[in-house]
Amino acid sequence: MRFPRPSHSELLELLSITDSSELDALFKRAYEVKKQYIGTKVWFRGIIELSNICSKDCYYCGIRSSNTNVKRYTVSHAEVIKEARWCYEQGYGSIVLQSGERSNKAWIDQITDLIYAIKDVSDGKLGITISFGEQSKEVYKQWLDAGAHRYLLRVETSNPELYKKLHPQNHSFESRVQSLGYLKEVGYQVGTGVMMGLPGQTLADLANDVLFFYDIDVDMIGMGPFIPHKDTPFGHLVDSFDETTALQLGLKMIAVCRIFLRDINIASTTALQALKSDGRELGLLAGANIIMPNVTDTKFREGYQLYEGKPNLNENASETMQSLEDKITAMGETVAYGEWGDSAHFFKRTNQEKTL
Ligand code: SAH
């Protein structure tokens, strides 16, 4: 039995809240739902941003292919393994591998080799989430067979008209949605998400985004506020950008998704931290349960600026982790080490028993 589908009007009403005591009540309600369905554990997934080489040209993104101000990089196989081993030794249950989108065979095989190698160095114990954009069903299967078991592919917006305004003509909303279908068919725990506060986006669009998540029956959500980047077609928005509103909107979407989708995993993303130093902790209090500390070697981080002011540019991985854990403990939550922290919803949806 699925949880009831929310109505567009109730979603819109909650997303429209701006009064601070009503906001507090919304976040508290979401936190109660999280406690009931997930508990107060937080799972860390160390994210490795493998490469900023990208064949796509999304108008909002700092690593779009037309941005010639970015120095392109790819982390070597040996370095990725080193970072993954570090995560394993720290007790992280999982890692996330992400990069710009590429679909040539050499790249696909390189990823396959990496997934096998990471499973190898961790005795099969490190859970692997991947986020490599739109690929064929066969490629998704190849990576699943190699050992990845969760996939993040944001739909970016569920409004096809808005999608068209944010992307060049050769980028297709329909194929993005189709990819989400492939991921599910192949057997991944599937995560999607949107950006909030995009130019031309309304609260009614965001309410529809939540309904989209419900209708495709997602297992995980990773979403964050849109933050303009100077070297993109939306660069003119940098000066008028309001961080407080963006953060509030980001937190409201987390809360609303938690209240209505209940048992899914929701990430408190780095974009929230870019807006306020404790933005990710606020995300946990609004209903999120996953944090993805950046474990990419600091020398590469300048190259993965999807938006202005992406944090932790210079901080090294162990410092990031210690300060984060201290803050989480102070909030009364526990970092769950050595656990995959899979989506409870996935097991319910597929009638499977939870393993690790
Ligand atoms: N190539 C992968 C990973 C994309 S980068 C894929 O296609 O899934 C990860 C996410 O960063 C994107 O899905 C997008 O939602 C987000 N992002 C890009 N530019 C952004 C911006 N200016 N502000 C906030 N988030 C942004």
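The values are calculated or read from the model by the stated rules, or taken from the named source; none is laboratory data. Everything numeric in this text was worked out from a predicted model, so none of it was measured. Don't worry about glycine lacking a Cβ; one is built from the backbone with ideal geometry, like all the others, and counts go over all protein chains shown. Each accessible area value is taken on the protein alone, full model and side chains, heavy atoms only, with ligands, DNA and RNA left out. Shrake-Rupley method; radii C 1.70, N 1.55, O 1.52, S 1.80 Å.
For region 22-347, the Cβ-based charge dipole about the Cα centre amounts to some 200 debye (Lys, Arg positive; Asp, Glu negative; other atoms uncharged).
In region 171-236, a dipole from Cβ-located charges (positive for Lys and Arg, negative for Asp and Glu) runs towards its positive end, and of 201, 173, 212 it is 201 whose Cα lies farthest in that direction.
Among the trypsin sites (Lys or Arg not before Pro) in region 1-92, those placed in a DSSP loop whose Cβ has at most 11 other Cβ atoms within 10 Å are 2, 71. The modelled label-to-label distance between residue 110 and residue 8, using points 7 Å beyond Cα along the C-beta direction, is 4.4 nm.
DSSP finds beta bridges in region 22-347, and of those with both partners inside it, around 5 percent are antiparallel.
Each 10 Å bin, from zero up to the one with the longest distance, holds this percent of the alpha carbon pairs of region 185-290: 15, 46, 30, 8, 0. A Cβ-based charge dipole, computed about the Cα centre of region 1-60 with Lys and Arg at +1 and Asp and Glu at -1, lands at about 460 debye.
Of 137/184; 41/348; 35/119, which ones are farther than 21 Å apart at the Cα? Too far apart for the 21 Å limit: 35/119. Fraction of C-alpha pairs exceeding 28 angstrom in the chain: 38 percent, rounded to a whole number. Share of carbon and sulfur in the accessible area of the chain stands at 52%, probe radius 1.4 Å.
What is the magnitude of the charge dipole of region 191-346 about its Cα centre, with +1 placed on the Cβ of each Lys and Arg, -1 on the Cβ of each Asp and Glu, and no other charges, expressed in debye to the nearest 20? Write out the running numbers ahead of the final one.
Working: 10 positive and 22 negative charges, 38 e Å.
Using Cβ point charges on Lys, Arg, Asp and Glu, region 191-346 gives about 180 debye.
Filter 230/276; 164/230; 28/310 down to the pairs with a C-alpha to C-alpha distance above 25 Å, please. All intermediate terms of the calculation are to be shown ahead of the outcome.
On the way: 230/276 19 Å; 164/230 21 Å; 28/310 28 Å.
Pairs exceeding 25 Å: 28/310.
The residues of region 40-170 expose on average 40 square angstrom of accessible surface per residue, using a 1.4 Å probe on protein heavy atoms.
Using a probe radius of 1.4 Å on heavy atoms only, what accessible surface per residue do you get for region 222-356? Whole Å² is fine. For region 222-356, the solvent-accessible area averages 39 Å² per residue. Cysteines in the chain that lack a partner Cβ within the 4.7 Å cut-off: 54, 87, 257.
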